[in-house]
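The values are calculated or read from the model by the stated rules, or taken from the named source; none is laboratory data. Only a predicted model underlies this, so the values are computations on that prediction, with no experimental measurement involved. Here Cβ is always computed from backbone atoms with ideal geometry, including for glycine, and neighbour counts include all displayed protein chains. Surface areas here come from the heavy atoms of the whole protein model, side chains and all, with no ligands, DNA or RNA. Shrake-Rupley method; radii C 1.70, N 1.55, O 1.52, S 1.80 Å.
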Amino acid sequence: MTKIHYKIARPINGISINGNEYLLNSKDQVMIFETREECIKYITENITDKDPENYVWEEEIHYGE
């Protein structure tokens, strides 16, 4: 079964050619969301120190059972 997960990221130092840095949980692991809507809700509710529009979300396809 194929499943899509989402991650929240932003360009390192605000420069897109530097690649992205990802939102981490308390265990320093990349946070993964089940839906795009969960990503947007998290950004809207929890990221207040930066402009939310500076963040991007990424789709990641997982292939499994």
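Limited to segment 14-47, what total is found for residues that are at pLDDT 85 or above and over 18 Å from E59 (Cβ atoms)?
Within segment 14-47, residues that are at pLDDT 85 or above and over 18 Å from E59 (Cβ atoms) number 9.
I'd like the residue in segment 31-47 that is part of a helix (DSSP H, G or I) and either in contact with a Phe, Trp or Tyr (Cβ under 6 Å, 6 or more places away or on another chain) or touching a residue at least 60 places away in the same chain (Cβ under 8 Å) (or both) and, out of all such residues, is surrounded by the most Cβ atoms within 10 Å (Cβ to Cβ).
Of everything passing the filter in segment 31-47, C39 is surrounded by the most Cβ atoms within 10 Å (Cβ to Cβ).
Name the residues in segment 1-30 that are out of contact with any Pro (no Cβ under 9 Å at 6 or more places or on another chain), open to solvent by 80 Å² or more (accessible area, probe 1.4 Å) and in a helix (DSSP H, G or I), would you?
N13, S16
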